[in-house]
1. Given 174, 204, which one is at pLDDT below 90 and either farther than 15 Å from residue 23 by Cβ or of a type outside the set (S, T, N, Q) (or both)?
2. Checking the condition in contact with a strand residue (DSSP E or B) (Cβ under 8 Å, 6 or more places away or on another chain), under 29 Å from residue 218 (Cβ atoms) and surrounded by fewer than 23 Cβ atoms within 10 Å (Cβ to Cβ), which residue from 141, 149 passes?
3. Out of the residues in the range 196-214 that are in a helix (DSSP H, G or I), out of contact with any Leu (no Cβ under 7 Å at 6 or more places or on another chain) and touching a residue at least 60 places away in the same chain (Cβ under 8 Å), which is surrounded by the most Cβ atoms within 10 Å (Cβ to Cβ)?
4. With respect to residue 262, determine if the residue is assigned to a helix (DSSP H, G or I), closer than 22 Å to residue 155 by Cα and out of contact with any Phe, Trp or Tyr (no Cβ under 8 Å at 6 or more places or on another chain).
5. Go through the residues of the range 252-259 one by one and say whether even a single one is within 30 Å of residue 38 (Cβ to Cβ) and touching a residue at least 40 places away in the same chain (Cβ under 8 Å).
6. Within the range 251-292, how many residues are surrounded by fewer than 17 Cβ atoms within 10 Å (Cβ to Cβ) and more than 25 Å from residue 161 (Cα to Cα)?
7. Just to be sure I understand the filter: pairs with C-beta atoms under 7 Å, separated by 6 or more residues or on different chains, first member in the range 92-104 and under 15 Å from residue 10 (Cβ atoms), second member of a type in the set (S, T, N, Q) and in a helix (DSSP H, G or I). Which pairs pass?
8. Among the residues of the range 14-52, which ones are more than 17 Å from residue 64 (Cβ to Cβ), in a helix (DSSP H, G or I) and out of contact with any helix residue (DSSP H, G or I) (no Cβ under 7 Å at 6 or more places or on another chain)?
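The values are calculated or read from the model by the stated rules, or taken from the named source; none is laboratory data. Computed from a prediction, not measured in an experiment: that's the story for all the values here. We place every Cβ from the backbone using ideal geometry, glycine too, and count neighbours over all the protein chains shown.
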Amino acid sequence: MIPAQTNSISKIQAWILASRPRTLAAAVAPVIVGTAITIHDSKFKPLAALVALLCSLLIQIGTNFVNDLFDFLRGTDKADRLGPVRAAVSGLLSVNEMKFGIYFSFGLSFLLGLYLISIGGWLVLMIGVLSILAGIAYTAGPFPLAYNGLGDIAVFIFFGFIGTIGTYYVQANEITAMAFWASIPVGALITNILVVNNYRDREEDSSNGKRTLIVIFGEKFGRFQYLFFMIISYVILFVVYFTFKKEIFVFLPLLSLPLSFKLIRMIFTLKGSELNKTLELTAKLSALYGLLFAVGILL
């Protein structure tokens, strides 16, 4: 049954809905943090940073389109799902339209990425190709990562390590320990967006054969996974301070602690569709933390 509120949605609104704008902070945070480190190291390349941001956004949008389409085709998404409305299952976009969106997003990201390849070489090519393949393999193909307990690992690697370190590399043409350590909280908080999503959908996923880590290990594991990633994100600040940059400004992300405490309380107490707000605020936390961390590195 298609929700009544979708009847008045235009095609443009449908494409915006399918892109999942509330999740796009996940594509922005690694680029902001990686770029802040290049500015600190006097290796900032504005055009490379901009192109890296656009590629990151396009790959994230393409991944969202793949997720929307293939969760629908596999029967995982239904019209009465707990989460927000999805474009394919609600009939807002056809299968062919979704496929076009996938080709366009990933294709444009590759074309823009040619500039990054020209300045970064084969390593950037490998990063770009792997990122696009991971975006597709997340819910598509014979062994979809999200359906086999590997979604969390993929998100942590690609939005943490590859997103942050890759942004630094395309501007500085090297990899530093600072870029590595800074990528960990970025990846952890973005992975927590997925953790909330999987925690909310654990019963639906289990009945549909989607074996996320929370389906495999249980809801208690999901709550403590969320808590662990939250704690590690703030612990890393002390590693950065004592090892690389002994300036009090690196602790600016601590200003986001009140929101973190609120979110921990929410995931330990809320259930079902109540967690949609937790999901939204977790995405906002990843963006806020990334912005504060970037400012702290610059200062």
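1. On the way: 174 fails: at pLDDT below 90.
Just one listed residue meets the conditions, 204.
2. Numbers: 141 fails: in contact with a strand residue (DSSP E or B) (Cβ under 8 Å, 6 or more places away or on another chain).
The unique qualifying residue is 149.
3. Across the range 196-214, the extreme among qualifying residues is 205.
4. No; evaluated as a whole, the condition is false for this residue.
5. Yes, the range 252-259 contains at least one residue that is within 30 Å of residue 38 (Cβ to Cβ) and touching a residue at least 40 places away in the same chain (Cβ under 8 Å).
6. 12
7. Listed by first residue and then by second, the contacts come to 92/6.
8. 46, 47, 50
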